[in-house]
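A.B. asks: Sharing a structure below in structure tokens format, with a few things to ask.
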Amino acid sequence: MDDPRKILNGVLANVEKVILGKTSEVRQAVVALVADGHLLIEDVPGTGKTMLARALAVSTGCSFNRIQFTPDLLPSDVTGVSVYNQKTTDFEWRQGPINSQIVLADEINRATPKTQSALLEAMEERQVTVDGVTRPLPPPFMVMATQNPVEYEGTFPLPEAQLDRFLLRIHLGYPDANDEIAVLEGQQKRHPIESLESVASPEEIREVHEVARDIWVDPALKQYAVQLVAATRAHDAVYLGASPRGSLALFRCAQASALLAGRDYVIPDDMKALAHAALGHRIILSPSAQVRNQDARTVIDDVLDRVAVPGSRAGAS
């Protein structure tokens, strides 16, 4: 395999041909990919959520399927179904759109809880079980889900158990004026996604997963991650803090971030930079905090200020 950093920087640069002016958000999406996790993209329509998923799939050479979540979508529409064949007098398996390497769950909160739950096994165990038969999903496997945080009519909010399975939650936001002009010019004749080519392969991404997990994390930084998560549980504005999966998310994302930066060790800034995206969706605020219009971002800012940053001992790779 080539230099992992060269591969990942190529993916970053390629995706940014489509998603303009969102370097930090694109980087976080690549971090989720490198850490072998799932991504929740929450923003208003038209900000590039779907294009980010498509661009990432094309750039890595991964197979891609899009599932448009609607209230009448059934679990079998996601996972697949066994159909009786009258000619062979036997049941034939017809795989669902979840059987892909990068899956876009578009407007995931518009489906019923029963259909939403069809993703749980796939996201956690990388497999689907239908009619008592378990079928593995192709690696690398990543779910990129989108939802509109403004329009709630006809939606079913994701339960905490499902939110917790997303490694990161990001917000793209509106582009600034110059970037929006560049979007207009870039799409004057055709969309940039149409000319995008892969710069990596699924096999290389799988190898990058292994390299990322070998990145050195000092014991003091492991303790730091646990302390950050513990502080969310003890915060007076929080009803339910982040789970141990939050600690693991910080740990994995910090390793991926260090690899993107060309280091073989993690520094505290790797964790601090990803704390909002890794922990924000794992926190339930107390009713009194909601009345005061506090949000998860202010809680995590407070936690980052309170928990002392350890000195790291780099170099034990």
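Just so it is clear, none of the values below were taken in a lab; they were calculated from the coordinates. Small disclaimer: the values here were computed from a predicted structure and weren't measured. Heads up, the Cβs are rebuilt from the backbone with ideal geometry, glycines too, and the neighbour counts pull from every protein chain shown.
A.B. asks: Relative to the longest principal axis of the C-alpha atoms of the chain, give the angle of the C-alpha long axis of helix 4-15, reported between 0 and 90° and rounded to the nearest 10°.
C.D. replies: Here the helix axis deviates by roughly 70 degrees.
A.B. asks: Can you list the HN-Hα couplings for the stretch 185-190, worked out from phi with the Karplus curve (6.51, -1.76, 1.60; θ = phi - 60°), rounded to whole Hz and with x for Gly and Pro?
C.D. replies: Each residue's phi maps through the Karplus curve to give 5, x, 10, 4, 9, 7 Hz.
A.B. asks: Sticking with this structure for a sec: Provide, as a two-decimal number, the C-alpha radius of gyration of the stretch 9-166 over 2.2 N^0.38 Å, N being how many residues it has. Intermediate results must be reported in sequence, preceding the final value.
C.D. replies: Details: Rg = 16.4 Å, N = 158, 2.2 N^0.38 = 15.1 Å.
For the stretch 9-166, the normalised Cα radius of gyration comes out at 1.09.
A.B. asks: Per DSSP H run of at least 4 residues, take -39500 (n - 2.57); add these up for the chain, divide by its residues and hand me the 222 nm value, nearest 500 deg cm²/dmol.
C.D. replies: Values: 14 runs with 140 residues, N = 317.
Taken over the chain, the calculation gives -13000 deg cm²/dmol.
A.B. asks: I need the per residue convex hull volume for the stretch 215-306, using only the alpha carbons, in cubic angstrom as a whole number.
C.D. replies: Residue-normalised Cα hull volume stands at 77 Å³.
A.B. asks: Given labels modelled 7 Å from the Cα in the Cβ direction, how far is it in nm from Glu121 to Arg94?
C.D. replies: 2.0 nm
A.B. asks: Modelled label-to-label distance, Asn148 and Ser288, 7 Å Cα→beta-carbon offset: nm?
C.D. replies: Distance between the two pseudo-spin positions: 3.6 nm.
A.B. asks: Now, a different point. For the pair Val309 and Asp264, how long in nm is the line joining their label points, each one 7 Å along Cα→Cβ?
C.D. replies: Each label point is offset 7 Å from its Cα along the Cβ direction, giving 2.5 nm.
A.B. asks: Taking the chain, how many lysine pairs are there with alpha carbons less than 22 Å apart, if each pair must be eight or more places apart or span two chains?
C.D. replies: Working: Lys6/Lys17; Lys6/Lys22; Lys17/Lys49; Lys17/Lys189; Lys22/Lys49; Lys22/Lys272; Lys49/Lys189; Lys222/Lys272.
For the chain, the number of qualifying lysine pairs is 8.
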